[in-house]
Every structure is written in structure tokens, then in C-alpha cells.
Amino acid sequence: MQFLGGNRRKLRLADDQRNACYPHSLLFYLQPPSGNISLIEFENLAIDRVKLLKAVKNLGVSYVKGTEQYQSKLEAELRKLKFSYRENLEDEYEPRRRDHDIVASSHSLGGVQLESVYKSPFADALDLFRGRKVYWENGFAYVQLKDIVAIILNEFRTKLSKVLALTARSLPAVQSGERLQPLLSHLSHLYTGRDYSTQANVGKVSLDQIDSLSTKSFPPCIDQLHKALRENHHLRHGGLMQYGLFLKDIGLTLEQAWQFWKQSFIRGKMDPDKFDKGYSYNIRHSFGKEGKRTDYTLYSCLKIILTNPRSQGDYHGCPFWHSDPELLRQKMQAYKIPPSGINQILDLVKGTHYQVACQKFFKMTHNVDDCVFSLSHPKFFFESQQILSGGKDIKKESIQPETPQPKPSVQRSKDVSSALASLISSLEMDLEGLEE
Ligand code: SF4
């Protein structure tokens, strides 16, 4: 791109040699890092990046993207983690260097900024041309500042895909490296927030706590399953899976889960033997004790919302997605949400922001102004417990189970490829954030 008239905004390059290495906030990662870096610094940079990606993901769930609130929260996170995000910071060298994991970058846009219009090769601005957003002449598109991000994003996406593909080819060399391999292998497990893993919670909830916990701390999707179970003493497969995996994730042992379901079902008309024959296998299966011995984890909100449609007699799913507005209003009234709050929730649902609506519900039922956590059932539950207990953990169960607890399944070790895959998916998420 070329600069066209107007007032040039000069980057501060001349008087600071260090900033010359990183002339722009947005890096295209075209050159591999060439400087020296200690393993400790490398690890810290990687953790910071994972933290940032996590923060972007959380914000996307808590706030509607593109809103002022989302933007200011995002900038606050970027500042907090010392990532580069604006060109006019006092000293941008360090943040930009950190963003590159780590040395000089040169991107090839070659663009010099105009005050309000950029001249760009026509081929780079096809999307904008289709939307009639550019003026074009002699093979060049003239793009307004507000639209330039679409071109930069395309460029960034293309170049990033290319360098990730090249990076993937280098994996065998990395895997054989004794120093880097263990670090990369464990990167995805490094602690970047509260530990919600099943293993950390096993045995912390007792069966007699479940009724009271359901009213206080279960997310609405699970609460509706619990209510249906108490009322009908039965749940169909979709509900059994969604609720069963939730109970497992908040820490019920296999033995407890088996007791819970058996007691619930035989309160209806089910014969205990019939329960043993019909359901024991399924319960053991979900704990990875039968069949392929997969240690199933609970469904994500997205999976609940997008898959497994409901039919008559089903109670699984997400109330924010599966309930019609009037029914949802009634449900929210039952939780004593004030009318203005219900309207806000319904507006978010109307805009298809189901998880943001759930966050709103959380804030209102827990009387908190802010909660920034990526929403999922156990997180809803544990954050709720944290707030209700004034920061203390759930009380440890005092009664030991009658039979030995199953050993926590061994965490599958991930190889470098899966670590890279998770980084790539994080980067894709990053791109979505940028797009916004
Ligand atoms: Fe449950 Fe997620 Fe829906 Fe909330 S958004 S009700 S946690 S599925």
C-alpha cells in the first residue's frame, strides 16, 4: 500500500533503535526469532500468551463483542498483561518483543498510513469492493481508515496460516530437543487460573448437599434437569448424560453417582434390579470404567446449544436457547430476577448471545457487578460456591464412600503436536477477537 497525501503520522523510530526492531504493534511473524532467550523467559512469555487468549475468550462470553464495554475490558487486559495494542505507547519495544516470542519482525504490508484513506492493490480489497465500500481506479482500491482492518486481517490470517504450516514442519526437530520438548508438552496444562479439573474436586460434594446446591449454585440448564429428576424420578438419555457428567465434574465419585441415580430412579416405580441392569453400565461407562474406557468430560455450553435437539419428554439443553421467550420469562421470574433484568436477558437471547445471557443471570442471582470467567457448568458452579462461601472452598465431605473411590484417571500426556494444535486453535480464537 502507498501513502496518499494528508498528514503523515510518523512512527517513533529514529530516536529509539530498539523500537526500529518492531515498528508496528501488529506483528506478522514472518521472520523466525533470531535472538537469544532463556528457557524461563520463553516459558513466561508462553504463559502470558495463554493467559491473554483465555482473557479474550472470557470477555467474548461475558460481553457482547464490539461494544464499548468489551473494548475497554479488552484494552484493560492487554495493559495488565503488558501486551502491545496501540502505537502511541511510551515505550513499545518490550511489549512488541514479547509478542514475537521473541525477535525482530518485518511485515511486508509496506503500508504508510494516511490520515483517512489508504491506497491498496485492488486484489487485496475484493471483499470491500463487493460491499461497495471502496473507490477504485487504475487497479487500486482507495480504502477508508475504518475499513482497513478487513484488509489487514486477511493479510494477517494468510501469513499466520503459512507460518504455522511451516512451524508444523519443524516439529520433529523440536520434539527431539531435550530442553524445549517437555516445556511445550506441558504448556497446555500450565496453570493459568483456577483448577476446575475433576481430579481436583473429587469427594468435595456429598449426596445430601445436592438439593441445596442445586437451588444456589447449579446453572439453569442443570437446575432444570435436577428439578425434572426430582419430579419425575427419571431422565431420558440426553438429560442423564448432561447431568451425569456435570455431577462427575463437580466431584461426585463413581460410587456416589451410582447411589444418586439409583435412589432417584427407585423413588419412582423402578425396580432396583432393573436399575442395576439398565443403568449401571452407562454410569460406569461415563466414568471410563466400561467399553472404550474413555474418561468423558462434560459437554460445553456450545455443544449443548448446538447439538442434540430436544423432543417431547426431554429436559436437557440450555434454557436460554431451548425455551421460548415466554417460558424463559417465567423461569427467570421463578429465580426472582427483577423485570428489568429479565428484559435484559431476553434482549441478549434475542440477539443470540445465550452465554452472555447466562452470565447476566449469574450476576443477578449472585448480586455481583462483574464476573469474568469463561462460562461452563462447573465454572458457574464453582464461581457461585466461591462467592456464596465468601471465598472459601466447598466444605469437604465428611462421610467416606462405602466402597473405595475409583482412582483418578491418569492425565493423558499430550505430545508436542497436540500442544501446537491447541496453540493454533487459540490463535484462531485470537483472530476471531481481532475480527471483532
Ligand atoms: Fe448451561 Fe451454558 Fe446454557 Fe448457562 S449458557 S444455561 S451454563 S448451557
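Bear in mind these aren't lab numbers, they're just calculated from the coordinates by the rules spelled out. These figures come from a predicted structure and were not determined experimentally. Every residue, glycine among them, receives a Cβ derived from its backbone with ideal geometry; neighbour counts consider all protein chains shown.
The figures follow:
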read-out	value
Segment 197-257, relative contact order in percent, only Cα pairs under 8 angstrom and at least six apart counted	56
Two-site label geometry, Leu39 and Ala165: point separation in nm, points 7 Å out along Cα→Cβ	3.3
Spacing of the two label points (7 Å from each Cα toward its C-beta) at His237 and Thr352, in nm	2.9
FRET E, pair Ser72, Gln312, Förster distance 41 Å, beta-carbon r, rounded to 0.05	0.35
Residues Trp136 and Asn367, FRET efficiency given R0 of 56 Å [Cβ-Cβ distance, rounded to 0.05]	0.50
Stretch gain in nm, segment Ile47-Tyr281, where the contour uses 0.36 nm per residue and the Cα spacing is subtracted	80.2 nm
Cβ-Cβ FRET estimate between Lys336 and Gln259, R0 fixed at 30 Å, reported to 0.05	0.40
